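The values are calculated or read from the model by the stated rules, or taken from the named source; none is laboratory data. In this text the structure is predicted, and so the values were computed from the model without any measurement. FYI the Cβ positions are ideal-geometry reconstructions off the backbone, even for glycines, and counts take in every protein chain you see.
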Amino acid sequence: MDLKGEYLIPASKDKVWKELNNPEALKKAIKGCESLDQVSDTEYSARVKAKIGPVSAVFNGSVTLTEMDPPHSYVISGQGKGGAAGFAKGNVKITLSENSDKNKTNLIYSGNAQVGGKLAQVGSRLIGGVIKNTADDFFKTFNNNITDMDLTDSISETDITTNNDIKSKKPSISYWVWIGSLIIFIGIILAFFT
């Protein structure tokens with residue numbers, strides 16, 4: 001089964017590359033991911049609970065990254081076994097390119113996948129739809145996570161700037177004017193109530 005798709009991600013190419021190689025970011029974006037552990041710089045092991053049509057299973061798998069060309073592209077090769085539900089394996093080439101807007105990145109993927117066991121009995125049309133929906137869900141969540149991260153970073157930078165501005169600003173009215181005003185104010189209150 002052939003896989004292909006294209007997504008526009010609202011972040012710079014370097015940031016997208018960094019997050020695509022961050023196990024915690026990936027775990028948050030993979031629906032049903034129970035664990036994702038980095039075994040080496042180019043290998044991961046995962047445990048994902050998935051439902052494809054009437055077949056539901058927990059898949060234990062491994063992923064290897066090859067043909068790495070940071071921050072432009074790599075090939076993801078993976079395989080997973082879901083017990084009686086069957087197995088899935090495949091290869092996908094991920095390519096990143098800058099969008100005309102430097103704060104956005106085009107992500108293009110293409111590859112193939114094979115399934116066996118009960119999964120193969122479900123039918124390639126249903127499997128293809130599930131894979132497309134799974135990819136769409138992943139990138140929607142991935143985009144939202146990057147956008148939320150940018151918003152948090154932006155708020156933090158604003159807070160730091162604001163706090164530094166507050167610390168560096170000196171009162172525009174001198175200390176003695178404040179003291180004098182306070183004495184006059186107290187004098188008016190005493191005169192009014194006595």
Query - Ser62 loosely packed, with under 13 Cβ neighbours inside 10 Å and assigned to a strand (DSSP E or B) - result: no
**Report entry** Among the residues listed as Ala46, Ala88, the single one being assigned to a strand (DSSP E or B), touching a helix residue (DSSP H, G or I) at 6+ places or on another chain (Cβ under 7 Å) and either surrounded by 16 or more Cβ atoms within 10 Å (Cβ to Cβ) or modelled with pLDDT of 90 or more (or both)
**Finding:** Ala88
Query raised in the report: Residues Ser56, Ser77: which one is surrounded by fewer than 15 Cβ atoms within 10 Å (Cβ to Cβ), among the polar types (S, T, N, Q), in contact (Cβ under 8 Å) with a residue 12 or more places away in the chain and part of a strand (DSSP E or B)?
Result: Ser56
Query raised in the report: Inside region 6-37, can you point out the residues that are assigned to a strand (DSSP E or B) and loosely packed, with under 15 Cβ neighbours inside 10 Å?
Result: Glu6, Leu8, Glu34, Ser35, Asp37
Query - Search result, residues across region 92-110 that are of a type outside the set (Ser, Thr, Tyr) and either buried (at least 18 other Cβ atoms within 10 Å of the Cβ) or closer than 18 Å to Lys49 by Cα (or both) - result: Val92, Ile94, Leu96, Leu107
Report summary line: Only unsatisfied item for Met1, checking (1) within 21 Å of Val130 (Cβ to Cβ); (2) among the aliphatic types (A, V, I, L, M); (3) surrounded by fewer than 16 Cβ atoms within 10 Å (Cβ to Cβ); (4) modelled with pLDDT of 90 or more, is (4)
Query raised in the report: Is it fair to say Asp148 is of a type outside the set (Gly, Ala, Ser), without any contact (Cβ under 8 Å) to a residue 12 or more places away in the chain and more than 18 Å from Asn22 (Cβ to Cβ)?
Result: no
Query - Residue list for region 45-86, restricted to those being closer than 17 Å to Tyr109 by Cβ and of a type in the set (Phe, Trp, Tyr) - result: Tyr74
Report summary line: Picked from region 114-128 (must be surrounded by fewer than 17 Cβ atoms within 10 Å (Cβ to Cβ) and outside any loop (DSSP other than H, G, I, E, B)), the residue modelled with the lowest pLDDT is Ser124
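Residue by residue, here is whether (1) of a type in the set (Ser, Thr, Tyr); (2) at pLDDT below 60; (3) under 19 Å from Ala29 (Cα atoms) holds:
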position	(1), (2), (3)
Val130	no, no, yes
Thr162	yes, yes, no
Pro171	no, yes, no
Ile183	no, no, no
Gly187	no, yes, no
